[in-house]
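The values are calculated or read from the model by the stated rules, or taken from the named source; none is laboratory data. Computed from a prediction, not measured in an experiment: that's the story for all the values here. Quick reminder, even Gly has a Cβ in these numbers, built from the backbone with ideal geometry, and neighbours come from all protein chains shown.
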Amino acid sequence: MSFFKKLKQKFSGTEVEQEETKKYEKGMEKTRKSFTGRLNDLVARYRKVDEDFFEELEEILISADVGVSTVMDLIDELKMEVKRRNIKDSTEIKDVISEKLVDIYSGGEEQFSSLNIQQSGLSIILFVGVNGVGKTTTIGKLAHQLKQEGKKVMLAAGDTFRAGAIEQLEVWGERVGVDVIKQAAGSDPAAVMYDAVQSARSRGADVLLCDTAGRLQNKVNLMNELEKVKRVISREVPDAPHEVLLVLDATTGQNAMSQAKTFSAATDVSGIVLTKLDGTAKGGIVLAIRNELSIPVKFVGLGEKVEDLQEFDPEKYVYGLFAGLMEEDEEE
């Protein structure tokens, strides 16, 4: 049985599983049309798998923002696999590519993709990222999900610098029915975090989601501020923050990679939230981040609705990327 068919079979189980898979299929539509369209064209032009075929495949992958070093690794592995399986016909390589993409992402570490929520006591999740990437919206959506799971959630309005940031978080708090701890605009973010931790403890909250500034006078100031916020949280709750989630906009491609490098150096980023994946034809950035930075993508934004923030699943991602090819595979 082909890898495509195994994936389809795997995701045809429960209604929830099917619904999540459909979200990936719909959310990956722009990338799929761009990527698989070019891949189909390549396979149609080259009946034989040779050096020229791999060169063009390399270009297709790089243009999907998979990242140069990731592409080089992938092409090397594909060449070895083609030799090992004695593949001559180019149509057979689609299946191998999808397998290798899942391998690159998973790397035997799937257990690290779920959120680090404590079994008892307060879990603190710190959100970082530049302005405009959808940080506050992501916090609101995650608060909704955690509340649906029966957890008591509170929000900390730590972005005291951007005009309207506190109000925006309050709107989300009202929308999903959770309390927001805030101070006046321009307050010290570390003081806000201190208050938020005390309030969350006294009210018996399970999870505290903390917003932070995305921009200050310069990059050094911002990183120093984030380090200070993190220190205050760690002092109040040993081992906290339990997650530092960096929110990146998938539509910015390689720019998102440079942001990831900067923030991870300052705050020990434990996971990535990749927003607006449905808005880009270059969804390969997911693989580049995982392979080049060794930081797992924990959530992806696949649409505007509250429930469109999905836990990242490499197999569903590949399913969404190759959905059209799978149908063709079944017809053959």
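Descriptive notes on the structure:
- Sole residue being over 25 Å from the mean Cα position of the chain (by Cα), on the phi < 0 side of the Ramachandran plot and part of a helix (DSSP H, G or I), chosen from A185, A191: A191
- Failed criterion for T137 (all others in (1) within 20 Å of the chain's Cα centre (by Cα); (2) surrounded by fewer than 17 Cβ atoms within 10 Å (Cβ to Cβ); (3) assigned by TED's automatic domain parsing to the domain that holds N255 hold): (2)
- Residue match in the range 201-217 (condition: over 30 Å from A288 (Cβ atoms), basic (K, R), in a helix (DSSP H, G or I) and modelled with pLDDT of 95 or more): yes
- Counted as qualifying within the range 20-120 are no helices (runs of 4 or more DSSP H), as none has 3 or more residues that are assigned by TED's automatic domain parsing to the domain that holds N255 and out of contact with any Lys or Arg (no Cβ under 9 Å at 6 or more places or on another chain).
- Of the helices (runs of 4 or more DSSP H) lying entirely inside the range 221-332, not one is found with 1 or more residues being in contact with a His (Cβ under 8 Å, 6 or more places away or on another chain) and surrounded by fewer than 20 Cβ atoms within 10 Å (Cβ to Cβ).
- Within the range 69-102, tally of residues that are surrounded by fewer than 13 Cβ atoms within 10 Å (Cβ to Cβ) and at negative phi: 8
- Candidates in the range 148-172 are the residues that are within 23 Å of the chain's Cα centre (by Cα), assigned to a helix (DSSP H, G or I) and not aliphatic (A, V, I, L, M); of these, the one that is surrounded by the most Cβ atoms within 10 Å (Cβ to Cβ) is W172.
- Looking across the range 130-147, the residues that are out of contact with any Lys or Arg (no Cβ under 7 Å at 6 or more places or on another chain), part of a helix (DSSP H, G or I) and not charged (D, E, K, R) come down to T136, T137, T138, I139, L142, A143, H144, Q145, L146.
- Among the candidates D249, D278, D239, the residue that is outside the structural domain of K23 (by TED's automatic domain parsing) and either modelled with pLDDT under 85 or more than 27 Å from E315 (Cα to Cα) (or both) is uniquely D239.
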